[in-house]
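What follows is a single structure, written as structure tokens, with notes after it.
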Amino acid sequence: MKLLIFGLCLATALAAPQGKMMINSGAICEGKASAFFVVDNTQMTAGDNVVYKDFSEEECMSTCSNNRDPFGRSILCSSFVYDHVVFTCTIYKDKSKPMGNGEKTAAAGKRYFEKFCLTDDIPMDCQEAQFTRADDSVLVGFATNVTLSESLEECVALCVRNVQCMSAMYFYEEGECITNTESAMSRPASFTKEDTEKVIYFSNGCAMKKSTNVKTFKNPIETQPEEPKPTTKKESHEMKGDEYEEEKSSGEGSGKEIG
């Protein structure tokens with residue numbers, strides 16, 4: 001599939017060992033902007049959690065970004081689920097697989113947010129940008145670059161630094177990051193499931209956030225750039241194919257409720 005794609009072209013927490021794992025997990029973004037991978041109509045089942053009632057999505061996101069709730073209490077947040085039906089915010093210390101141990105399941109009206117830290121060179125105006133994510137999915141025909149990447153966050157940075165990158169795909173078992181000039185939103189017909197390799201697709205949330213502040217921005221759906229020209233086998237690029245502790249509980253509803 002990849003050949004086809006490319007061919008078509010907290011001070012105490014910080015001091016403790018667990019705190020170091022929290023930094024690595026993206027719970028604490030010291031001196032960096034934090035952003036979120038977002039999956040619609042999805043919830044997560046994991047360990048220790050805290051539930052806030054009568055919250056807006058913005059309050060929930062701010063609480064997770066700052067690791068502090070509106071009541072001034074410190075928390076550790078790696079991810080959260082917002083329920084648009086009953087207006088509840090469920091904060092988790094863990095992330096979903098493969099970056100954590102949580103299990104994602106379909107849930108109408110809920111949105112799953114997974115926090116991560118942007119690299120030092122990414123502007124702070126990308127703070128709280130939302131990167132729409134789809135596991136085991138790929139965009140076919142708009143790949144521009146393939147780069148070895150040690151982490152999903154590094155793949156995000158490669159995309160954000162590239163002004164032409166609208167989305168990317170991270171093959172995490174092989175450490176390969178493929179950037180695209182289009183996205184699932186602008187080219188839905190080219191977006192498909194990937195059943196043979198482990199991959200995470202995500203949109204460029206920083207580009208989307210900046211575009212909402214520019215009146216002259218044109219929606220990619222409306223501009224309809226030219227379709228990529230097929231390449232020959234000779235011209236195509238050959239690609240090499242070759243935490244912290246969680247407290248176990250029964251699931252999302254087992255957390256403390258605050259409201």
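Any read-out appearing in this document is the output of simple, stated calculations on the displayed coordinates, not a laboratory observation. All values derive from a computational prediction rather than experimental measurement. As a convention, Cβ positions derive from the backbone with ideal geometry for all residues, glycine included, and neighbour counts pool all protein chains shown.
Residue exposure proxy: S96, S74, S34, ordered by other Cβ atoms within 10 angstrom of their Cβ from fewest to most, comes out as S74, S34, S96.
Order 201-207, 154-160 from most to least packed using the mean count of other Cβ atoms within 10 Å.
Details: 201-207: 24.1, 154-160: 22.4.
In decreasing order of mean packing, 201-207, 154-160 become 201-207, 154-160.
Modelled spin labels at M124 and E150, positioned 7 Å past Cα toward Cβ, are 2.6 nm from each other.
As a proxy for reagent exposure, ranking R161, R133 by other Cβ atoms within 10 Å from fewest up yields R161, R133.
From least to most packed, judged by other beta carbons within 10 angstrom and beginning with the fewest, M208, M61 follow the order M208, M61.
Divided by 2.2 N^0.38 Å, where N counts the residues, the Cα radius of gyration of the range 72-185 comes to 1.16. Can you list the residues of the range 110-139 with backbone N under 19 Å from a point 7 Å past the Cα of E173, pointing along Cα to Cβ? Output list for this probe position: 134-139.
Between M185 and S62, full extension at 0.36 nm per residue minus the direct alpha carbon distance yields a gain of 41.7 nm.
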